[in-house]
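Student: Would you mind keeping the following structure in view while I ask a few things?
FYI, it's all coordinate maths here, none of it is from the lab. None of the values given here were measured: they were computed from a predicted structure. For neighbour counting, all protein chains shown are included, and Cβ atoms are generated from backbone atoms with ideal geometry for every residue, glycine included.
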Amino acid sequence: MKKTPFTATHYALGAKMHEFAGYDMPIEYSGIIDEHNTVVQRVGVFDVSHMGEFWVKGPKAFALVQKLTTNDVALIPVGKVQYTCFPNETGGIVDDLLVYHYEEEKYLLVVNASNIEKDWNWCVKNNTEGAELENASDHTAQLAVQGPDALKTLQKLTDTDLTAVPYYTFVTGKIAGIDNVIISNTGYTGCGGFELYFYPQHAAVLWKAIFEAGAEFGIKPAGLGARDTLRLEAGFPLYGNELNDTTSPLQAGLGWITKFTEGNPFIARPLLEKEKANGSPRRSVGFEMVGKGIARHGYEIVNSAGEVVGTVTSGTLSPATKKAIGFGSVRPEYAALGATFFVRIRNKDIEATVVRPPFRKK
């Protein structure tokens with residue numbers, strides 16, 4: 001298994017470790033619920049150095065990124081970040097990602113750890129524009145400092161005014177004495193905070209500085225278990241669950257990042273335009289369980305007659321609401337707010353109601 005610059009630290013702290021996307025990663029430290037609540041209420045730190053980072057540079061960089069992604073890159077000036085996805089030739093999703101407009105002719109693409117090789121090959125294959133591509137994944141470390149006290153924690157370590165870095169923007173500056181750190185007001189927890197990108201040799205210094213700065217706020221390390229429950233409560237999709245190669249962004253509830261604007265000739269645009277006009281055969285919905293039971297990925301969704309009408313894509317017991325929640329991919333007639341269906345759990349059909357995410361209200 002691959003290691004991140006923090007792997008030895010995770011073991012030293014007694015983390016429960018497991019393989020994820022080829023990396024030896026922490027699943028939990030003090031417990032998923034404790035870590036989840038720490039991030040919601042105070043501040044927690046996730047090692048996300050396993051994520052992938054690709055640079056796209058040169059005069060053809062914009063044209064390539066615009067073709068590869070469904071969102072409209074023309075809408076983000078330098079210093080802005082955009083959530084988007086790579087569509088494949090059949091309208092499915094290769095991956096979801098963040099696009100950073102770093103300089104006038106330079107973009108940073110941040111992709112999911114499990115898809116790094118697939119995504120890199122996809123970018124190279126479709127680079128008929130001749131943009132300069134660099135896979136910096138093995139030379140980039142990343143920490144996500146998340147929660148309501150994240151800003152106060154990090155502000156101790158930098159002269160950059162973090163209150164002047166709004167959501168989905170970033171700056172490159174000095175933090176904890178380390179130069180050229182990308183300080184990004186992003187994250188996948190729904191709790192606010194920052195993601196930091198830096199060279200791996202600075203990992204130990206930055207980790208120590210962050211935990212010393214956050215001590216007064218009760219800062220704790222958090223693992224992938226809490227990261228998953230947090231993103232689900234926040235209503236964020238996950239690749240491999242809500243998103244995959246056979247699900248279109250329209251089916252996955254990502255119509256808002258699928259821009260059919262002039263000058264945005266992304267891959268499979270005609271197919272997705274046709275789907276938008278004719279309607280999608282299935283829809284991603286959030287739901288809460290009415291009856292007793294926890295929905296899990298892969299469980300069948302059925303109607304009152306017992307007919308299978310969809311599949312659970314994610315499910316858990318929400319630490320914030322104490323309700324069983326989930327996402328499902330269902331036929332359109334079962335996707336309206338307030339609609340009811342049943343999740344088949346151990347051969348019992350348990351009632352659920354369609355609700356609008358996020359499940360954790362601010």
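Student: Hey, what did the chain get for relative contact order, percent, Cα under 8 Å, at least 6 apart?
Tutor: Rounded, it is 18 percent for the chain.
Student: Quick check on my link table: of Lys323/Lys348; Lys3/Lys60; Lys16/Lys208, which ones sit more than 22 Å apart, alpha carbon to alpha carbon? Walk me through the numbers on the way to the answer.
Tutor: Values: Lys323/Lys348 19 Å; Lys3/Lys60 34 Å; Lys16/Lys208 20 Å.
Exceeds cut-off: Lys3/Lys60.
Student: Continuing with the same structure: Highest GNM mean-square fluctuation, the chain, Cα pairs closer than 10 Å: which of Lys208, Lys60, Lys80?
Tutor: Comparing Lys208, Lys60, Lys80 in a Gaussian network model of the chain, the most mobile one is Lys208.
Student: Further question on the same structure: Given a cut-off of 31 Å, name the pairs among Lys220/Lys362; Lys57/Lys276; Lys2/Lys220 whose C-alpha atoms lie farther apart than that in the structure shown. Mind dumping the intermediate values first?
Tutor: On the way: Lys220/Lys362 21 Å; Lys57/Lys276 33 Å; Lys2/Lys220 24 Å.
Beyond 31 Å: Lys57/Lys276.
Student: If you don't mind, another one. How large is the charge dipole for the chain, taken about the Cα centre, if only the Cβ atoms of Lys, Arg (+1) and Asp, Glu (-1) carry charge, to the nearest 20 debye? The partial results should precede the final answer.
Tutor: Values: 36 positive and 40 negative charges, 205 e Å.
The dipole magnitude comes to about 980 debye.
Student: In segment 79-167, what is the count of Lys pairs whose alpha carbons are under 26 Å apart, counting only pairs at least 8 residues apart or on separate chains? Intermediate results must be reported in sequence, preceding the final value.
Tutor: Details: Lys80/Lys106; Lys80/Lys118; Lys80/Lys152; Lys80/Lys156; Lys106/Lys118; Lys106/Lys125.
The number of close lysine pairs in segment 79-167 is 6.
Student: At 222 nm, what helix-only mean residue ellipticity would the chain give, in deg cm²/dmol to the nearest 500, using -39500 (n - 2.57) for each DSSP H run of four or more? Spell out each step's value before the answer.
Tutor: Values: 8 runs with 71 residues, N = 362.
It comes out at -5500 deg cm²/dmol, rounded to the nearest 500.
Student: If packing is taken as the mean number of other Cβ atoms within 10 Å per residue, what is the order of 133-141, 37-45, 161-169, highest first?
Tutor: On the way: 133-141: 16.0, 37-45: 23.7, 161-169: 12.7.
Output ranking for 133-141, 37-45, 161-169: 37-45, 133-141, 161-169.
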